[in-house]
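Undergrad: Dumping the structure here so I can ask a few things about it.
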Amino acid sequence: MDVEALGTPHTGAGGDPAALAWELAHLARTLQTSTSPEAVLDRAVTMAVALVPGAQAGAISLVRRRRTITCAAATSPAARHLDDLQTELGQGPCLDAAFVHRSTRVDDLAAETRWPLLAARADEVGMASVLCLQLFVEGDDLGALNLLGTEPAAFTDASEHVGLLLAAHTAVALADARQLEHTQRGLLHRDLIGQAKGILMERHKLSADQAFAALSQLSQDLNRKVVDIAADLADTGELPARRSAARRHQSEAPPPGPR
């Protein structure tokens, strides 16, 4: 994603409190216009690379079960590969930032003693400095904003300060986007179930409660979600069990005799 599409291009505002406040307000407005979690993550990592001093690449990682790292958004293959290596090796700054510290800073990945297995393969990443920041907490799943720099000691205290503020704004926007997505999905499901109930009510002279009970019973019989049964009925006009029965009847019928 091109950062120019998000507003005025930026080069970091870590040394100017007034400029930083403006940048964060701009970030908040930009993220709030994103209507999906994926869009929030893409915009957040792009702007983080633009705003955090020393950052030249970045990724947002989702960490599940304290080991598996999924790269949800990235600005470069190097950032994605760092996630892959940490999952493979079971160690690294992203895992520490997510579960142990709010932030983890690495001045020289190849010389790092905290994660020797990762340090031994640092040349695969091609980046010397790493800054990982805890992003959000949701049950046992956490996230981290990971920033990379090509030169050793690329990140400073100012970088960490700006990064933590960006991570906080991103977490809020992501939570809002997930809630919106959940609400939209719920409205769609309700609409589909309403359509299916209407079909059954008109076709079989059922009440609304009876129609829903019929959908629920079919859901249990077929081990499928009510909304999937409803979508099937609304799309085809037939209940799935009836279509299956019709197909079985056709397959079992003897072939027509000669005329």
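Undergrad: State the extension gain, in nm to one decimal, for the chain segment bounded by ASP228 and PHE99, taking 0.36 nm per residue of separation less the distance between their alpha-carbons. Working shown, then result.
TA: Numbers: separation 129, 0.36 × 129 = 46.44 nm, distance 3.73 nm.
Difference between extended and current length: 42.7 nm.
Undergrad: Which value in nm describes the separation of the simple spin-label points at GLN217 and THR70, placed 7 Å from the Cα toward the beta carbon?
TA: Between GLN217 and THR70, the simple spin-label model gives 3.8 nm.
Undergrad: Another question, if that's okay. How much net charge surrounds LEU118 when only other residues with a Cβ under 10 Å from its Cβ are counted (Lys, Arg +1; Asp, Glu -1)? Intermediate values should be presented prior to the final figure.
TA: Numbers: positive: ARG114, ARG121; negative: GLU88, GLU112, GLU124.
For residues surrounding LEU118, the net value is -1.
Rule-based calculations on the coordinates, nothing more; no lab input. Model, not experiment: these values are computed from the prediction. Ideal geometry is used to build each Cβ from the backbone, glycine not excepted, and the neighbour counts take in all protein chains shown.
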